[in-house]
Structures are given as C-alpha cells and as structure tokens.
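Worksheet: the structure to be examined is printed underneath.
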Amino acid sequence: MKRFLKIGLDSAAPFPMHTDLKSNIFEGFEVDLIKVIAEALELDVQYEVSLWKDILPQLYKGELDMICSAVTVTASRKHILEFSDPYLHFRLCAVVRHGDTLTSSNDFKNKIIGVRAAAVAEKYIMDEFPANMLVHADANIELYDSLNQGRIDIVVDDSPIAGGFLRRYEKLKIGMFIPDTESNYAIAMKKGDVNLKNQINEVLRKMKENGLYDALFTKWFTHMQL
C-alpha cells in the first residue's frame with residue numbers, strides 16, 4: 001500500500017523550480033524530482049498550495065508532510081524541521097534594469113530594494129541594509145513588475161528564481177551575485193521524520209550516481225548561472 005503525503009507548494013510559483021499547480025502544464029525541476037522520489041518510495045502525493053509566509057508554519061504544525069518548493073536550508077529552520085540532503089546550490093543575486101550597474105554592495109546605498117516576504121533574501125537585506133527603503137511582496141512577480149516599471153531599483157532574490165523571471169523580462173538583468181550568500185535548497189519535513197528523510201536521501205544519492213540528477217539539472221538550468 002502506498003504512503004500518502006501532502007506536499008506544500010509556494011503559491012507564487014518559483015519557476016523553473018515549479019510552475020503554478022493550476023497552470024496548463026505543471027512542471028519544473030522540483031516536479032521532476034518529486035516524481036522520481038515518489039516512484040522509488042511508492043508514495044501517493046497530493047500538492048497543497050499556500051502563501052510562502054504560511055507554508056513553513058503549516059509544516060511545523062503537521063498540516064503538511066513535506067515541502068519541496070525552493071526551501072533554503074538555514075540554521076534556524078533546522079532547529080524545527082528535518083531537511084534532506086541538498087539538491088541545489090545557489091546564491092542570492094541583485095536584479096536591476098539594463099543600463100544600471102552594480103559593482104559592489106556599496107552601490108545599494110539609497111536604492112529602493114524589493115524582497116519577498118518571509119524569504120531568506122528579506123532577512124539578509126534587513127540585516128545588512130537596515131537604512132534602505134524596502135518593498136515587501138507576497139509574490140515575486142510583483143517585485144519584478146515594479147522593477148521593470150522603474151518603481152524600485154533592485155530586486156534581491158535566489159539566483160535560480162531570478163533566472164526564471166529574466167526569461168520573461170527582457171529589460172532586466174542580474175547586476176551582481178551577492179558575496180558570501182551561498183545556500184542550498186532541500187526538501188523540508190516534519191521534525192522527527194528521520195526515516196522518510198533517510199529514504200529520500202538514498203534516492204537523491206542514487207540519482208547522482210546514475211546520472212539522472214545531472215540530466216534533470218541540464219534540462220532546467222542550462223545556460224543559467226546559479
């Protein structure tokens with residue numbers, strides 16, 4: 001009998017990690033990843049969509065079984081959740097309009113910066129640039145629209161997600177990768193769900209050994225700087 005699991009998804013779909021669950025084609029790197037894991041472990045999965053600021057508390061409270069939706073591994077999150085081995089390494093980056101130049105973080109001075117609410121990028125900018133005017137949004141697309149229209153100066157985001165949005169916004173570019181912001185995405189689970197974590201880690205290990213992981217990476221991140 002298959003084990004039934006509820007998997008949390010960010011309602012503001014972070015393509016190419018995954019598209020909107022209600023879109024014509026539900027696809028992405030994480031969608032392919034979960035398909036492989038579900039088949040290997042004989043899991044019956046159901047996706048649940050939530051605002052990002054709500055999704056981690058839902059997992060903590062047991063309303064979800066796992067989240068596979070661009071979850072950054074942090075020390076504070078590891079205190080309350082289990083994490084699989086990382087499946088994607090990335091950096092924070094600063095997105096600007098073509099014609100604008102960033103040479104260092106000193107260029108952030110007096111800039112209006114857009115960040116996703118409850119994201120790691122938000123915490124980073126609030127800690128490092130407390131004097132800057134910040135625009136917080138529940139959905140990434142609100143930030144990229146504002147940047148594209150000149151209402152804000154910079155969007156700070158995870159590099160894979162920024163790369164996905166830049167395919168849609170020709171006037172925008174990555175101005176710089178922010179130093180010392182290397183991070184990893186991993187599957188988040190309820191604290192104590194160690195058996196499931198170990199099973200998922202074994203599938204990830206086999207995917208890297210047999211070349212399937214590299215094939216999925218190439219499929220979704222070709223020509224993208226992470």
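All of the numbers you see were taken from the coordinates with simple rules; none came from a lab. Just so it is clear, the structure is predicted and the values come from calculations on it, not from any experiment. Neighbour counts are summed over all protein chains in view; Cβ atoms, including those assigned to glycine, are modelled from backbone coordinates with ideal geometry.
Under 12 Å between alpha carbons, and skipping anything fewer than 8 positions from residue 35 in its own chain: which aspartates and glutamates qualify?
27, 44
Which entries in the list 22/171; 6/61; 78/173; 2/206 go over 24 Å, if you measure between the two C-alpha atoms of each?
Listed pairs above 24 Å: 22/171; 78/173.
Compute the angle between helix 29-41 and the longest alpha-carbon principal axis of the chain, please, reported from 0 to 90 degrees and rounded to the nearest 10.
The helix 29-41 is inclined about 10 degrees to the chain.
Within region 43-114, which trypsin sites (Lys or Arg not before Pro) sit in a loop by DSSP and count at most 14 neighbouring Cβ atoms inside 10 Å?
Passing sites in region 43-114 are 61, 109.
Against the longest principal axis of the chain, how steep is helix 194-210, in degrees 0 to 90 to the nearest 10, with axes from Cα atoms?
80 degrees
If you add up the charges near residue 117, with Lys and Arg at +1 and Asp and Glu at -1, over every other residue whose beta carbon is less than 13 angstrom from its beta carbon, what do you get?
Taking every Cβ under 13 Å from that of residue 117, the sum is -3.
Express in nm, to one decimal, how much length is gained between residue 75 and residue 51 on full extension, taking 0.36 nm for each residue of separation and deducting their alpha carbon distance.
6.4 nm
By DSSP, what percent of the beta bridges with both residues in the chain are antiparallel, rounded to the nearest 5? Can you show the working numbers first?
Working: 18 of 35 bridges.
Within the chain, antiparallel bridges account for around 50 percent of the total.
Suppose R0 equals 30 Å. What FRET efficiency, 1/(1 + (r/R0)^6) with r the Cβ-Cβ distance, do residue 138 and residue 167 give to the nearest 0.05?
0.90
Can you give the charge dipole size of the chain about its Cα centre, rounded to the nearest 20 debye, using +1 on the beta carbon of Lys and Arg and -1 on the beta carbon of Asp and Glu? Kindly include the intermediate steps, with their values, before the conclusion.
Working: 27 positive and 32 negative charges, 13 e Å.
So the magnitude is around 60 debye.
Give the aspartates and glutamates reachable from residue 111 as a straight Cα distance under 12 Å; neighbours fewer than 8 places away on the same chain don't count.
Output for residue 111: 100, 153.
Along region 179-188, what does the Karplus equation 6.51 cos²θ - 1.76 cosθ + 1.60 (θ = phi - 60°) give for ³J(HN,Hα), rounded to whole Hz, x for Gly and Pro?
Karplus values, whole Hz, x for Gly and Pro: x, 6, 10, 4, 9, 9, 8, 8, 7, 9.
Report the relative contact order of region 85-226, percent, no decimals, based on alpha-carbon pairs under 8 angstrom and at least 6 residues apart.
Details: 191 pairs, mean separation 54.7, N = 142.
Value for region 85-226: 39 percent.
Between the DSSP loop rule and a limit of at most 16 other Cβ atoms within 10 Å, which GluC sites (Glu not before Pro) in region 121-180 are left?
Here the GluC sites (Glu not before Pro) that fit, given the DSSP loop and packing criteria, are 170.
What does the charge dipole of region 29-84 about its Cα centre add up to, to the nearest 20 debye, if the Cβ of each Lys and Arg holds +1 and the Cβ of each Asp and Glu holds -1?
It works out to roughly 400 debye.
Let's see if you can work this out: charge +1 on each Lys and Arg Cβ, -1 on each Asp and Glu Cβ, no other charges. What is the dipole magnitude of region 184-226 about its Cα centre, in debye to the nearest 20? Each step should come with its number before you reach the end.
Values: 7 positive and 4 negative charges, 29 e Å.
Its charge dipole is roughly 140 debye.
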